[in-house]
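Values quoted throughout were computed directly from the atomic coordinates according to the rules given, and no laboratory measurement underlies them. These numbers come from a predicted model, not from an experiment. Counting neighbours? That spans all protein chains shown, and the Cβs are built from the backbone with ideal geometry, glycine included.
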Amino acid sequence: MSNRDKHNTSRRTFLKTSAAVSSFFIVPRAVLGGPGYIPPSDQLVLAAIGAGGKGRSDIRNASVNGRERVAALCDVDFSGNAQKSVEAFPDAARYADYRRMLDQEKDIDAVTISTPDHVHGPAASFAMQRGIHVYVQKPMTHNIKEARKLTEMAREQRVVTQMGNQGGSNPLLGMVQKWVDSGKLGKISKVHVWTNRPVWPQGVAMPKPDPSQKPSDLKWDLWLGPAKSMPYTPNLHPFNWRGWWDFGTGALGDVGCHLIDIPFRTLGLGYPLDAECSVASIFSQMWNADYHPEGAPSASFITLHFAATKKTKSPIEMTWSDGGIRPSHPDIIPPNSDIGGTDSKNGVLIIGKKGIISTNINDSSPLMPKLYLNNGKTEFGPEVEEKAEPEYGHQRKWVDACKAGFGSPEHKGLTSSFDYAGPMTETVLMGNLAIRSYMLRRENSKGQAEFYARKKLLWDGENMRITNVEAANQFVGRDHRKGWEV
């Protein structure tokens, strides 16, 4: 039992013992707390690391309409959207540094982590080392090495985990799974995944630092966290950080865990065998493409290959495209029909010998599952989904699993615990490893810029290594500032 488990057991034992000592006052629970009253000993004590933006809905949904107690909120800037969380949980203590919060608030059982991508790994690691259950927004981590470490740490610390790709809890995925498992598609060989992201500045030079523009309430050094120290740079916080490798993970990190989740889950895929990419070039000057390796490109095309699985029976080729580039419209789908989601902006095509499955993005948007068979038969799911609870109960199910305990049926029933979310996140981030390697260049003997890593990268998933381009391995992990390690 971890120290945190011992502490929480002592806390709950104390509360129950105190109740027993005073039991000669026989008063019904409903009189003490009103209808639906939940005693403190039965509540999960929650905290939020990142309380604005997505963090606001994550901690709200995890509280299950007040069923659980939110004890603390952590955010580097309470002047923005995080103020809404303060209004929702006025009794919660407030912190700017999650490390200080978790060291001082000894009763915290579980945390939601909804920060920029670069802080996911360090915050989750810090919490899990203290025996605290974690819910971490997608992508689970900023890089592959962090994802592997957190996956292993969750088992070692026996904590309950969930990644915030809430569409994984969408019951309509069962329809897609049934189509795959029934063999209706026949031999499955290809998957196409695409998105209209980025919808933020990307493929351009990073904004120049300007400390004079720093909002007075923003704790900039804490916002940087594990990233290298730099002066305040405008137009990164609170949203546009997504396009810069020091902080974000580009279009893949933003929606890859929603889109790639669908084929990864339903086809039972494992680590990819290789990764290959090409990216869009922007020419501000004739014959001289802009070069901004510090950030993700405006558009990219990724190809991954996977070994056969029990569900596919044959190898799979998966392509990813972003920046609004989408695959060609299959002949089997009527030409006036969308592929994927509305206006074909985001989607997944799972292609078999006998037909095609088309779905939308898996992020609480309508999944819109459709099956088209070569014999003319079709089967469609609903265009509009009825949701019994917010985000398919993704956060609530995690909370219930935390209360039931590590290894419980509730825990094993989670759709994105790190045992699943870790390998899936690694697969998503393989695309970014390929993109960053594609931009590696050096000066050759003629004094010309040479892009020396524009190759198909062969991946040893078990050992987390590119085996044919050594320089590409620098992007498997990252350097962390002292005090922010994973």
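Computed quantities for the displayed model
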{"quantity": "Footprinting exposure proxy for Ile333, Ile351 (fewest neighbouring C-beta atoms within 10 Å first)", "calculated": "Ile333, Ile351"}
{"quantity": "On Cα atoms only, tilt of 418-438 relative to the major axis of the chain in degrees", "calculated": "40"}
{"quantity": "Which listed pairs, of Lys178/Lys403; Lys178/Lys377; Lys190/Lys456; Lys178/Lys370; Lys145/Lys482; Lys353/Lys377, have C-alpha distances above 22 Å, in listed order", "calculated": "Lys178/Lys403"}
{"quantity": "Set of aspartates and glutamates near Lys313 by C-alpha distance (under 15 Å), chain-local residues within fewer than 8 positions excluded", "calculated": "Asp181"}
{"quantity": "0 to 90° range, to nearest 10: angle between helix 117-128 axis and the chain longest Cα axis", "calculated": "40"}
{"quantity": "Exposure proxy order (Cβ contacts within 10 Å, fewest to most) of His305, His480, His142", "calculated": "His305, His480, His142"}
{"quantity": "Helix axis angle, 3-21 relative to the chain longest principal axis, alpha carbon, degrees", "calculated": "30"}
{"quantity": "Segment Thr319-Ser445, length gained on full extension (0.36 nm per residue, minus Cα span)", "calculated": "41.8 nm"}
{"quantity": "Dipole magnitude of the stretch 90-145 about its Cα centre (Cβ charges: Lys, Arg +1; Asp, Glu -1), debye to nearest 20", "calculated": "220"}
{"quantity": "Of Asn170, Ile339, Gln202, farthest towards positive along the dipole that unit charges on Lys, Arg, Asp, Glu beta carbons give the chain", "calculated": "Asn170"}
{"quantity": "Estimated dipole of the stretch 152-202 in Debye, rounded to 20 [Cβ of Lys and Arg +1, of Asp and Glu -1, Cα centre]", "calculated": "240"}
{"quantity": "Cα-derived Rg to Rh of the stretch 288-401, Kirkwood definition", "calculated": "1.04"}
{"quantity": "Segment Glu379-Leu273, length gained on full extension (0.36 nm per residue, minus Cα span)", "calculated": "34.9 nm"}
{"quantity": "Of Asn81, Pro122, Ala251, farthest towards positive along the dipole that unit charges on Lys, Arg, Asp, Glu beta carbons give the chain", "calculated": "Pro122"}
{"quantity": "Amide H within-cut-off set for Met206, under 5 Å, with H built and near neighbours excluded", "calculated": "none"}
{"quantity": "Proximal lysines relative to Lys84, as straight alpha-carbon distance under 16 Å, when same-chain residues fewer than 8 apart are discounted", "calculated": "Lys54"}
{"quantity": "Tensor-based shape of the stretch 364-441 (alpha-carbon gyration tensor, a/c under 1.5 rounded, otherwise prolate or oblate)", "calculated": "oblate"}
{"quantity": "Check: the chain dipole with +1 on Lys, Arg Cβ and -1 on Asp, Glu Cβ, in debye", "calculated": "840"}
{"quantity": "Tensor-based shape of the stretch 332-486 (alpha-carbon gyration tensor, a/c under 1.5 rounded, otherwise prolate or oblate)", "calculated": "oblate"}
{"quantity": "Environment charge at Gln83 (Cβ cut-off 11 Å; Lys +1, Arg +1, Asp -1, Glu -1)", "calculated": "-1"}
{"quantity": "Normalised contact order of the chain, rounded percent, pairs of Cα under 8 Å and 6 or more residues apart", "calculated": "18"}
{"quantity": "Distance between the stretch 257-315 and the stretch 391-406 - C-alpha centres, whole angstrom", "calculated": "32"}
{"quantity": "Shape of the stretch 213-316, Cα gyration tensor, a/c cut at 1.5", "calculated": "oblate"}
{"quantity": "Ranking of Ser189, Ser57, Ser416, Ser63 by count of other Cβ atoms within 10 Å, fewest first", "calculated": "Ser189, Ser57, Ser63, Ser416"}
{"quantity": "Whole-number D in µm²/s for the chain (Stokes-Einstein; Kirkwood sum over Cα pairs; 20 °C, 1.002 mPa s)", "calculated": "90"}
